[in-house]
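Asks: A single structure is presented below for examination.
Nothing in this text is a laboratory measurement; each read-out follows from the coordinates by a stated rule. All values derive from a computational prediction rather than experimental measurement. No Cβ is skipped: glycine too gets one built from the backbone with ideal geometry, and neighbour counts run over all protein chains shown.
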Amino acid sequence: MYTTKNDLPVQARTKLIELVNARLADAVDLQTQVKQAHWNVKGPDFISLHQLFDEINEDVEEYVDLIAERAVQLGGVALGTARIAARASQLKEYPSDIATGRDHVDALSNALSSFGKAARQAIDATDELRDKDTADIFTEISRGVDKWLWFVEAHLQADR
Ligand SMILES: [Fe+2]
């Protein structure tokens, strides 16, 4: 912990930094999974999915930055390397043996859904620690993830 004049109590900041870094690991993992889908998707919807997945990647990169910088603002160290993320992420491993648009849509919707659930839980957990700003960051992220989950899942919803 670094000393800071941030007025949130140190006990709260300690818990917040731990929580923020846990979600940072998920976000770094999610970003690599989105890129994995961007690179490897094949089939008749290739170009639209390839481009959609890159747009999602750009937003997730912003989530990573927002989360990492919040850990530092609270007096902590941002733990955001690929190795740390691989150890700490709660997301399931992205399948490396899939190719079709449908399979990537399914796999990526699972990743977005898991990450979205954790982001939503982080809103409440940080709010309970009286940190409305971190709650606001996770609210923004949760709203974005819900939008991207819709964009991805819409490919499968025509048949219901
Ligand atoms: Fe690319």
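Asks: Which of the residues spanning the range 1-42 are basic (Lys, Arg) and outside any helix (DSSP H, G or I)?
Replies: Across the range 1-42, the qualifying residues are Lys5, Lys42.
Asks: Right, another one. What are the residues in the range 83-127 that are among the hydrophobic types (A, V, I, L, M, F, W, C) and over 19 Å from Val28 (Cβ atoms), if any? I'd like the intermediate steps shown before the answer.
Replies: Just the residues of the range 83-127 that are among the hydrophobic types (A, V, I, L, M, F, W, C), to begin with: 84-86, 88, 91, 98-99, 105, 107-108, 111-112, 115, 118-119, 122-123, 125.
Within the range 83-127, Ile98, Ala99, Val105, Ile123, Ala125 meet the criteria.
Asks: Now for a separate question. Which of the following residues is within 16 Å of the ligand (Cβ to nearest atom) and aromatic (Phe, Trp, Tyr): Phe115, Phe53?
Replies: Within the list Phe115, Phe53, the selection yields Phe53.
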